[in-house]
Amino acid sequence: MATIETMTPVQAAALWSGLLLLLMLVLSVRVVMNRRKHKVLLGDGGGSQITLAGRVFGNAAEYVPVGVGALALLAMLGMPAMAVHAVGAGLLAGRLIHAVSLSDKKPTAGRVLGMVLTYAALFTAGGMLMVHAFV
(Lines give C-alpha, C1' and ligand atoms only; values in the text may rest on other atoms or scores of the structure.)
Protein backbone atom coordinates (compact mmCIF):
# COMPACT_ATOMS: atom_id res chain seq x y z
CA MET A 1 0.00 0.00 0.00
CA ALA A 2 1.31 3.41 -0.98
CA THR A 3 1.99 6.18 1.49
CA ILE A 4 2.21 9.89 0.73
CA GLU A 5 5.99 9.54 0.39
CA THR A 6 5.87 6.54 -1.97
CA MET A 7 3.01 7.57 -4.26
CA THR A 8 3.54 8.04 -7.96
CA PRO A 9 2.45 11.37 -9.47
CA VAL A 10 -0.70 9.69 -10.83
CA GLN A 11 -1.56 8.26 -7.41
CA ALA A 12 -1.03 11.70 -5.85
CA ALA A 13 -3.32 13.29 -8.43
CA ALA A 14 -5.91 10.57 -7.77
CA LEU A 15 -5.76 11.17 -4.01
CA TRP A 16 -6.31 14.92 -4.18
CA SER A 17 -8.85 14.69 -7.01
CA GLY A 18 -10.83 12.15 -5.00
CA LEU A 19 -10.77 14.34 -1.90
CA LEU A 20 -11.83 17.39 -3.92
CA LEU A 21 -14.68 15.43 -5.50
CA LEU A 22 -15.84 14.29 -2.05
CA LEU A 23 -15.79 17.92 -0.90
CA MET A 24 -17.99 18.83 -3.88
CA LEU A 25 -20.38 16.03 -2.95
CA VAL A 26 -20.65 17.22 0.66
CA LEU A 27 -21.31 20.78 -0.46
CA SER A 28 -23.94 19.56 -2.93
CA VAL A 29 -25.69 17.52 -0.24
CA ARG A 30 -25.83 20.64 1.93
CA VAL A 31 -27.77 22.40 -0.85
CA VAL A 32 -30.17 19.46 -1.21
CA MET A 33 -30.72 19.22 2.55
CA ASN A 34 -31.46 22.95 2.77
CA ARG A 35 -33.94 22.69 -0.10
CA ARG A 36 -35.68 19.75 1.57
CA LYS A 37 -35.76 21.52 4.93
CA HIS A 38 -37.41 24.57 3.37
CA LYS A 39 -39.53 22.59 0.88
CA VAL A 40 -38.00 24.26 -2.19
CA LEU A 41 -37.96 22.20 -5.38
CA LEU A 42 -35.85 24.48 -7.61
CA GLY A 43 -33.62 27.47 -6.97
CA ASP A 44 -33.45 29.04 -3.54
CA GLY A 45 -37.09 29.96 -2.99
CA GLY A 46 -35.93 33.28 -1.58
CA GLY A 47 -34.35 31.57 1.41
CA SER A 48 -31.02 32.96 2.55
CA GLN A 49 -29.78 29.58 3.88
CA ILE A 50 -30.40 27.93 0.53
CA THR A 51 -28.80 30.82 -1.33
CA LEU A 52 -25.72 30.64 0.88
CA ALA A 53 -25.40 26.85 0.54
CA GLY A 54 -25.79 27.20 -3.23
CA ARG A 55 -23.09 29.88 -3.37
CA VAL A 56 -20.70 27.80 -1.26
CA PHE A 57 -21.18 24.88 -3.67
CA GLY A 58 -21.07 27.13 -6.74
CA ASN A 59 -17.87 28.79 -5.62
CA ALA A 60 -16.16 25.41 -5.23
CA ALA A 61 -17.57 24.35 -8.61
CA GLU A 62 -15.82 27.33 -10.18
CA TYR A 63 -12.35 26.28 -8.99
CA VAL A 64 -12.28 22.53 -8.32
CA PRO A 65 -12.72 21.28 -11.92
CA VAL A 66 -9.81 23.32 -13.26
CA GLY A 67 -7.72 22.23 -10.29
CA VAL A 68 -8.49 18.56 -10.90
CA GLY A 69 -7.59 19.04 -14.56
CA ALA A 70 -4.31 20.65 -13.58
CA LEU A 71 -3.51 17.78 -11.19
CA ALA A 72 -4.16 15.26 -13.95
CA LEU A 73 -1.95 17.12 -16.42
CA LEU A 74 0.85 17.52 -13.88
CA ALA A 75 0.77 13.78 -13.23
CA MET A 76 0.66 12.89 -16.93
CA LEU A 77 3.65 15.14 -17.58
CA GLY A 78 5.60 13.29 -14.89
CA MET A 79 5.97 16.12 -12.42
CA PRO A 80 7.32 14.93 -9.05
CA ALA A 81 4.66 13.44 -6.79
CA MET A 82 5.49 15.96 -4.05
CA ALA A 83 4.73 18.81 -6.47
CA VAL A 84 1.36 17.22 -7.21
CA HIS A 85 0.77 16.79 -3.46
CA ALA A 86 1.62 20.45 -2.84
CA VAL A 87 -0.85 21.67 -5.46
CA GLY A 88 -3.55 19.23 -4.34
CA ALA A 89 -3.14 19.97 -0.64
CA GLY A 90 -3.14 23.72 -1.25
CA LEU A 91 -6.26 23.54 -3.38
CA LEU A 92 -8.13 21.30 -0.94
CA ALA A 93 -7.14 23.42 2.06
CA GLY A 94 -8.13 26.58 0.24
CA ARG A 95 -11.50 25.23 -0.80
CA LEU A 96 -12.25 23.81 2.67
CA ILE A 97 -11.29 27.00 4.48
CA HIS A 98 -13.22 29.11 2.00
CA ALA A 99 -16.34 26.92 2.23
CA VAL A 100 -16.38 27.05 6.03
CA SER A 101 -15.68 30.77 6.11
CA LEU A 102 -18.19 31.63 3.40
CA SER A 103 -20.84 30.19 5.67
CA ASP A 104 -20.62 33.41 7.68
CA LYS A 105 -22.69 36.33 6.50
CA LYS A 106 -19.80 38.76 6.74
CA PRO A 107 -16.32 38.89 5.18
CA THR A 108 -13.81 36.88 7.20
CA ALA A 109 -10.07 36.33 7.28
CA GLY A 110 -10.75 32.64 6.56
CA ARG A 111 -12.51 33.53 3.35
CA VAL A 112 -9.49 35.54 2.22
CA LEU A 113 -7.07 32.80 3.32
CA GLY A 114 -9.10 30.22 1.40
CA MET A 115 -8.90 32.28 -1.77
CA VAL A 116 -5.18 32.96 -1.31
CA LEU A 117 -4.47 29.21 -0.95
CA THR A 118 -6.66 28.43 -3.95
CA TYR A 119 -4.99 31.06 -6.11
CA ALA A 120 -1.53 29.99 -4.97
CA ALA A 121 -2.24 26.35 -5.85
CA LEU A 122 -3.66 27.23 -9.27
CA PHE A 123 -0.90 29.76 -10.00
CA THR A 124 1.74 27.17 -9.07
CA ALA A 125 0.10 24.52 -11.22
CA GLY A 126 -0.25 26.93 -14.13
CA GLY A 127 3.37 27.93 -13.89
CA MET A 128 4.58 24.36 -13.73
CA LEU A 129 2.45 23.39 -16.72
CA MET A 130 3.67 26.31 -18.81
CA VAL A 131 7.33 25.71 -17.97
CA HIS A 132 6.96 21.99 -18.61
CA ALA A 133 5.45 22.70 -22.02
CA PHE A 134 8.83 24.05 -23.14
CA VAL A 135 11.11 21.60 -21.32
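Once region 1-11 is narrowed to residues that are in contact with a helix residue (DSSP H, G or I) (Cβ under 6 Å, 6 or more places away or on another chain) and assigned to a helix (DSSP H, G or I), the residue that is surrounded by the fewest Cβ atoms within 10 Å (Cβ to Cβ) is V10.
Counting the residues of region 79-135 that are in contact with an Asp or Glu (Cβ under 9 Å, 6 or more places away or on another chain), open to solvent by 80 Å² or more (accessible area, probe 1.4 Å) and of a type outside the set (A, V, I, L, M) gives 1. Taking each residue of region 60-89 that is over 15 Å from L117 (Cβ atoms) and looking for partners that are open to solvent by less than 50 Å² (accessible area, probe 1.4 Å) and not in a helix (DSSP H, G or I) with beta-carbon atoms closer than 9 Å, six or more apart or interchain, yields L73/M79; A81/M7; V84/M7.
Taking the criterion of being polar (S, T, N, Q) and more than 28 Å from G47 (Cβ to Cβ), the only residue of region 84-135 that qualifies is T124. Screening region 97-135 for residues that are touching a residue at least 24 places away in the same chain (Cβ under 8 Å) and outside any helix (DSSP H, G or I) and picking the one that is nearest to V64 (Cα to Cα) gives S103.
Among the residues making up region 51-78, none is closer than 19 Å to I97 by Cβ, over 17 Å from the mean Cα position of the chain (by Cα) and either charged (D, E, K, R) or not in a helix (DSSP H, G or I) (or both). Here are some conditions: (1) surrounded by 13 or more Cβ atoms within 10 Å (Cβ to Cβ); (2) of a type in the set (A, V, I, L, M); (3) closer than 29 Å to F123 by Cα; (4) in contact with a helix residue (DSSP H, G or I) (Cβ under 6 Å, 6 or more places away or on another chain). A14 meets all but one. Which one does it not meet? (4) is the only condition that A14 fails. Within region 22-50, if we keep just the residues that are of a type in the set (V, I, T) and either loosely packed, with under 15 Cβ neighbours inside 10 Å or not in a helix (DSSP H, G or I) (or both), the residue that is modelled with the lowest pLDDT turns out to be V40. The single condition among (1) of a type outside the set (V, I, T); (2) under 22 Å from S48 (Cβ atoms); (3) touching a Gly at 6+ places or on another chain (Cβ under 9 Å) that P107 does not satisfy is (3).
The values are calculated or read from the model by the stated rules, or taken from the named source; none is laboratory data. Treat the numbers as computed from the prediction; the structure is a model and nothing was measured. Neighbour counts run over all protein chains shown; Cβ positions are idealised from the backbone, glycine included. Side chains included, ligands, DNA and RNA excluded: accessible areas come from the protein's heavy atoms. Shrake-Rupley method; radii C 1.70, N 1.55, O 1.52, S 1.80 Å.
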